[in-house]
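The block underneath contains the structure these notes are about, expressed in structure tokens.
The values are calculated or read from the model by the stated rules, or taken from the named source; none is laboratory data. Quantities reported herein were computed from a predicted structural model and do not represent experimental measurements. Counting neighbours? That spans all protein chains shown, and the Cβs are built from the backbone with ideal geometry, glycine included. Protein only, heavy atoms only, side chains kept; ligands, DNA and RNA dropped before computing areas. Shrake-Rupley method; radii C 1.70, N 1.55, O 1.52, S 1.80 Å.
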Amino acid sequence: MVYYKRWEEFASASAALYEASPVKTRYCVRWRHEAGLLVLKVTDDRTCIKFKTRSAVFLNRFELLNRSLL
């Protein structure tokens, strides 16, 4: 698993992964309240990429990513 530190890299890698195999790609969102941590995971069973943040700024970006993947 690869954790991306920059949002732009994560968004482009997840879009590329989805375009390569849209049927097999899954997108998982986890919110850990006790840690205040948002973890996003995109996988196609061969490649797994993740992004984690504690910043509320990324919530708008997260919503835009959801819309683009849907």
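Averaged per residue, what accessible area in Å² does the chain show with a 1.4 Å probe, protein chains only? Let's see the in-between values first.
Values: 5050 Å² over 70 residues.
It amounts to 72 Å² per residue over the chain.
Would you kindly derive the ³J(HN,Hα) couplings of segment 6-16 from the backbone phi angles with the Karplus curve 6.51 cos²θ - 1.76 cosθ + 1.60 (θ = phi - 60°), listing them in order in whole Hz, with x for Gly and Pro?
Taking θ as phi minus 60°, the curve returns 10, 4, 4, 5, 5, 5, 6, 5, 5, 5, 5 Hz for segment 6-16.
Relative contact order for segment 2-69 using alpha-carbon pairs under 8 Å, separation at least 6, rounded to a whole percent? Could the numbers behind the result be given before it?
Numbers: 78 pairs, mean separation 22.3, N = 68.
Relative contact order of segment 2-69: 33 percent.
Taking only Cα atoms of the chain, what ratio of Rg to Rh do you get with Rh as the Kirkwood inverse-distance radius? Numbers along the way, then the final one.
Numbers: Rg = 11.6 Å, Rh = 12.3 Å.
We get a ratio of 0.95 for the chain.
With a 1.4 Å probe and every protein chain kept in, tell me what percent of the accessible surface of the chain is carbon plus sulfur. Provide the component values of the computation, followed by the final result.
On the way: 2720 of 5050 Å².
C and S atoms contribute 54 percent here.
Work out the length of the dipole vector of segment 2-69 about its Cα centre, built from +1 on the beta-carbon of each Lys and Arg and -1 on the beta-carbon of each Asp and Glu, and round it to the nearest 20 debye. Could you put the intermediate results ahead of the total?
Numbers: 13 positive and 7 negative charges, 45 e Å.
Result for segment 2-69 is approximately 220 debye, rounded to the nearest 20.
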